[in-house]
Amino acid sequence: MSIASILNIAKSAMFAQQTSIQISSNNIANVNTKGYCRLDPDLREAPLIPTDYGLLGNGVEIAGFVRYFDRFLEASIASRNTNLQEQKTEVTYFERIESILNEDSSKLAENVTEFFNGWQELSADPTNLARRSSLAAQGENLARTIRNLYSELTGLQRELDLQVQEEVDEINGLTASIADLNQKIIELGSSSTTEASDYLNQRAELLKELSGKMNVVSFEDEAGSLTVMTASGRSLVARNRSWELRTQQDPVAGFRNVAWDDGAGNFTDLTNAINSGELKALMDMRDEYLGDGFIKDLNNLAETIVTEVNEHHSVGYGLNGFTDILFFSEPTSGNYASTIALSVEVSTDVRYIAAASSEDDTSGNDNALNIASLIDEDLIIGGESTRFTTYISTMMSEIGDLTQNAQELAAHQKSAMEIMEQQRESLSGVSIDEELTKLMQYQYAYQAAARLITIADEMFQNLLEVAR
Amino acid sequence: MRITDKFKYDLFLYQFNTVKNSLDRVQEQIASQKKVNRPSDDPVAFSTYVGLNAESILYEQLDKNIQHVTTFGRVYETCFNTMGDLLADAKEVAINHASGSMDSALRETAVTQVESLIEQLVTLGNTVVGDTYVFGGKQSTAAPFRLNPDYSVDFLVAEGSDAANEIYVDRGSTAQYNISGKEAFYDRLKTLYANPANAYTGEVSLNTTDLVFVVDATNNTISCNSDPTAITLTQGVYTGAELASEIQARLNDAVPPGEAGYVVAFDASTRKFTIANNTANEVNLDWSVSTNAADLLGFNLVDSRLEENGGRDTSDMDTGTTSFAVRMLDEDSYEYSVNGGVFSGSVDINTGTYIDGSLQANTINRGIMITFSSTDTPLAAGDTFEIKDYSIFETLKNLREALVNDNATWSSDNISQISDAVDIVNGNTAKVGVNLQTMETLTEANNARQQRTSEIISETINADLAQLAVEYNSLSTAYQALMYSVSKMANLGLLNYLS
């Protein structure tokens, strides 16, 4: 046991406390870093050295770092993020559909009612050309309203389809990044370095982001490599390799489907296997809620308006004696909502409007009354017996319910996520107060170690004085 | 639980967002004065609002329609009051002349007065409101009456267009908004008009005011669902109501007992048949095949498709427009024409025979008999008589000619005919009055409905501003408190205690 050993102990202590201060500094620096897991130094007593009096302490050493990370909690957060992102995407698009269909702006029910009121107006003076022109204008207004709504809804549908492509591209980027990080973690060989910790944090964040886009299954092997698979068992990441997803155009619907690329040019369709996440929400909104939902509803409404009005109109007689004239032009493609418009005859000359029901009495109003009464009749719209305004208010109710439901689910998911994030933050987050306390602790320890050197130095001086 | 700095700030952020969202929501509600601005705010309320708003628009239209009927009603009221006054004047003239108290100068003045009355009635008949001829029936853009130099008046509205139009005044319920010239100036009772210039001044009368329907082997089958003899009517002579009953019975022959069948009715005021199908099956009446039956019942030669459970169709044409003209050949015989056609051969005047000399009613005479009472002045060659629907104009023209020819007998006959005219006017006045009363009731009901709808919309959608103001204040306070606590919390770090 020598004075020099005291110096060694002081040196190791100063080094250890200085490193601890550095770790605390890093923690403080990353107090707001997303996904950061705080570190603590793993201080251990240095190996004992044998003395004449037995084994004696030889200072302190840093065995490594403690990374505050709960893999199960992180997995739960990633899984919860799948549902949260799905709901948030649905809320975004339901709100957009809602803003398109909102009666306050679309005036769909109002215009339908005004159109049939126009027939009532005409019935009060069937030969009046001004009233006929007004009815034609109301018909055109209704047609324009439906066409505009259809155009906006199909525009949104196309946007969603493009969004599917972007999501797939992002998923491919994420899986490639995870594979890259796997490689780096494997190369470092140990997760107890700050560098490895940084990669692990980044990978956890990427996995969370990936989980938000689609439901995936993941697990870590003994080498620290993360394996990621789709819910249907298709590999996305294994060690340093990643597999890509592709989009393929559906030959019938014309929209993008999602397929898994095995790397050898073989594609497996995954569209139906993606059952949650942002990607699922985008495809559901595109296909189910727009394609088979509101776009179809609007088309059904337009079809019934066109066919019912035309059916009555074609058996009536215009002021010019013509019969078998359509009020709305018949679509050539079967798509009523996109093409609804006044027939050429009616838009050219309002005398073609068939208000009368008899060729002997072209100034009659019976046919106008028949058409006006359609607003109060139960008609078959989309296979259901209902009235025009009831059908529209049901559409409003439906989008309202869907939006509200999605908002509530998103709020619930967000709340659940908040709780999990709080738990994660509680474990892995940085507390400035805590770090400052530790800093004080390390600083005092450092000062004490420095004091040891001073004492050892004085001891040396004393010894040298004696020798002199 | 460890409370980290991020935890604290995230929590504050979350709470800020929550309060800010609530504040934005309340601000939006205050600005729009609605508590439901979009379907997702309250799907049921919004859906109710859309439905009620559409209803409200419909009620506004019904209100306009009711106003339209009321406006026309007021015009008709004025017209019929004026007509009543004019006819009262005419009656006074007829009474004075019939009493023999008029010398030639007075008669000349009376003739001028009657001519003026006819002119005024024609002017009334051609009354225009806006650009609508109110007595034009369905043909409202052209004057319905034309005054001829001989003071006869032509009704220019074609058969079929001479009916009144209806508009919706309630949901599923229509009301007549105009009265056609046919209703206002004519009646469907067959009336005999003698020419006041006739030598004959005795009584002349008809056996009936209504034509009969004669069903024979030529017109007794109605093709139904492409079966040419599906319905065979019993041959015979019928009144309109009797024929309706016969058609109903034959149609129902094929309907199983206990099941709903057909109902057939005859409207004497329009002389049209209505056939209603209450069976569970759609039926097609092939008028294009059964042309004679169609002619008998006043249907166009266009097939009638009667939908099941209430589908109905009504005659297109008035079935009783047939008119006759009689021209004496000598004291004992005459010739006649139907609907202005060529005159027949000589027909002897025999008591108990129909106008065509037949002993039975047939499709030509339609059951019309003309009877002359013997008087001191016998029938003479050239004397003419007309049998047609009653016309106010014809009556007044008749009065004018009676005055011109100083035929007090005809003026006397005219008194009762003018009374008939007054009855028509009174009937129409009453009808208009009832219609106006109905419109008044409907206006009140419609206003009440609109009011109720507005109230429900208001309760469903509109915001309670007082409540919102309180809520806004409360949220503002919460927001400020949050900001205050954040600033305080930021000072509560260890950092602030270390120098």
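The values are calculated or read from the model by the stated rules, or taken from the named source; none is laboratory data. What you are looking at is a predicted structure, and each value in this text was computed from that prediction instead of being measured. Backbone-built Cβ (ideal geometry, glycine too); neighbour counts: all protein chains shown.
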Discussion item. With the requirement that a residue be surrounded by fewer than 17 Cβ atoms within 10 Å (Cβ to Cβ), closer than 23 Å to B:ARG38 by Cα, among the aliphatic types (A, V, I, L, M) and within 47 Å of the chain's Cα centre (by Cα), what does the stretch B:440-473 give you?
Written reply: B:ILE456
Worksheet item: Scanning for something assigned to a loop (DSSP other than H, G, I, E, B) and of a type in the set (Phe, Trp, Tyr), does the stretch A:305-328 turn up at least one residue?
Response: yes
Worksheet item: When residues of the stretch B:37-50 are filtered for being surrounded by 21 or more Cβ atoms within 10 Å (Cβ to Cβ) and either under 26 Å from the mean Cα position of the chain (by Cα) or facing another protein chain (nearest Cβ under 7 Å) (or both), how many remain?
Response: 7
Discussion item. Please return the ranges of strands (runs of 3 or more DSSP E) entirely within the stretch B:154-225 where 3 or more residues are crowded, with 18+ Cβ neighbours inside 10 Å and not β-branched (Val, Ile, Thr).
Written reply: B:186-194
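For every residue, the table says whether it meets (1) more than 14 Å from every other protein chain (Cβ to nearest Cβ); (2) in contact (Cβ under 8 Å) with a residue 12 or more places away in the chain.
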{"site": "A:ILE28", "(1), (2)": "no, yes"}
{"site": "A:ASP42", "(1), (2)": "yes, yes"}
{"site": "A:GLY54", "(1), (2)": "yes, no"}
{"site": "A:VAL60", "(1), (2)": "yes, yes"}
{"site": "A:ALA63", "(1), (2)": "yes, yes"}
{"site": "A:ASP70", "(1), (2)": "no, yes"}
{"site": "A:ARG80", "(1), (2)": "yes, yes"}
{"site": "A:GLN85", "(1), (2)": "yes, yes"}
{"site": "A:TYR93", "(1), (2)": "no, yes"}
Worksheet item: Would the stretch B:342-354 turn up any residue that is in contact (Cβ under 8 Å) with a residue 60 or more places away in the chain and either under 27 Å from B:VAL153 (Cα atoms) or more than 39 Å from the chain's Cα centre (by Cα) (or both)?
Response: no
Discussion item. Out of A:SER343, A:SER347, A:SER358, A:SER314, I need the residue that is within 13 Å of chain B (Cβ to nearest Cβ) and among the polar types (S, T, N, Q). Which one?
Written reply: A:SER358
Discussion item. Please go through the stretch B:159-182 and give me each residue that is small (Gly, Ala, Ser), free of Cβ contacts under 8 Å to residues at least 24 places away in the same chain and facing chain A (nearest Cβ under 7 Å), ordered by number.
Written reply: B:GLY172
Response to the item:
Going through (1) of a type in the set (Phe, Trp, Tyr); (2) within 28 Å of A:VAL164 (Cα to Cα); (3) free of Cβ contacts under 8 Å to residues at least 40 places away in the same chain one by one, A:TYR289 fails only at (3)
Discussion item. Go through the stretch B:140-150 and report how many residues are surrounded by 21 or more Cβ atoms within 10 Å (Cβ to Cβ) and part of a loop (DSSP other than H, G, I, E, B).
Written reply: 2
Item to complete: Could you tell me which residue of the stretch A:415-455 is nearest to B:LEU494 (Cα to Cα), considering only residues that are charged (D, E, K, R) and facing chain B (nearest Cβ under 10 Å)?
Response: A:ASP433
Item to complete: Kindly indicate which of A:ILE371, A:ILE375, A:ILE399, A:ILE392 is closer than 30 Å to B:ASP162 by Cα, under 43 Å from the mean Cα position of the chain (by Cα) and either assigned to a helix (DSSP H, G or I) or at the interface with another protein chain (Cβ under 9 Å from one of its Cβ atoms) (or both).
Response: A:ILE375
Worksheet entry | Residue that is surrounded by the most Cβ atoms within 10 Å (Cβ to Cβ), among those in the stretch A:410-443 that are among the hydrophobic types (A, V, I, L, M, F, W, C) and over 26 Å from the mean Cα position of the chain (by Cα) | A:VAL430
Discussion item. Checking the conditions here, which among A:ILE21, A:ILE49 is touching a helix residue (DSSP H, G or I) at 6+ places or on another chain (Cβ under 8 Å) and modelled with pLDDT of 90 or more?
Written reply: A:ILE21
Item to complete: Being within 14 Å of chain A (Cβ to nearest Cβ), surrounded by fewer than 22 Cβ atoms within 10 Å (Cβ to Cβ), touching a helix residue (DSSP H, G or I) at 6+ places or on another chain (Cβ under 7 Å) and not small (Gly, Ala, Ser) narrows it down to one of B:LYS34, B:LYS64, so name that one.
Response: B:LYS34
Worksheet item: Is there a residue being in contact (Cβ under 8 Å) with a residue 12 or more places away in the chain and part of a helix (DSSP H, G or I) anywhere in the stretch B:311-331?
Response: no
Worksheet, complete the sentence: Conditions (1) surrounded by fewer than 18 Cβ atoms within 10 Å (Cβ to Cβ); (2) facing chain B (nearest Cβ under 7 Å) -> A:SER105 fails only (2)
Worksheet entry | Test result for A:LEU142, more than 9 Å from chain B (Cβ to nearest Cβ), out of contact with any Ser or Thr (no Cβ under 9 Å at 6 or more places or on another chain) and assigned to a helix (DSSP H, G or I) | yes
Worksheet item: Since A:PHE115 meets every condition but one in (1) surrounded by 18 or more Cβ atoms within 10 Å (Cβ to Cβ); (2) without any contact (Cβ under 8 Å) to a residue 24 or more places away in the chain, which condition does it not meet?
Response: (2)
Worksheet item: Got a number for residues in the stretch A:378-389 being under 23 Å from A:LYS107 (Cβ atoms), of a type in the set (S, T, N, Q) and more than 7 Å from chain B (Cβ to nearest Cβ)?
Response: 1
Worksheet item: Just to be sure, is B:SER476 outside any loop (DSSP other than H, G, I, E, B), away from chain A (no Cβ under 14 Å) and either surrounded by 14 or more Cβ atoms within 10 Å (Cβ to Cβ) or at pLDDT below 90 (or both)?
Response: no
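Table: residues versus (1) in contact with a strand residue (DSSP E or B) (Cβ under 8 Å, 6 or more places away or on another chain); (2) within 30 Å of B:LYS64 (Cβ to Cβ); (3) assigned to a helix (DSSP H, G or I).
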{"site": "B:THR377", "(1), (2), (3)": "no, no, no"}
{"site": "B:ALA402", "(1), (2), (3)": "no, no, yes"}
{"site": "B:ILE418", "(1), (2), (3)": "no, no, yes"}
{"site": "B:VAL422", "(1), (2), (3)": "no, no, yes"}
{"site": "B:VAL425", "(1), (2), (3)": "no, yes, yes"}
{"site": "B:VAL432", "(1), (2), (3)": "no, yes, yes"}
{"site": "B:ASN446", "(1), (2), (3)": "yes, yes, yes"}
{"site": "B:ILE456", "(1), (2), (3)": "no, yes, yes"}
Worksheet item: Is there any pair with a first residue in the stretch B:1-29 that is more than 12 Å from every other protein chain (Cβ to nearest Cβ) and a second that is small (Gly, Ala, Ser) and in a loop (DSSP other than H, G, I, E, B) whose Cβ atoms are under 6 Å apart and which are 6 or more apart or on different chains, and what are they?
Response: B:GLN29/B:ALA463
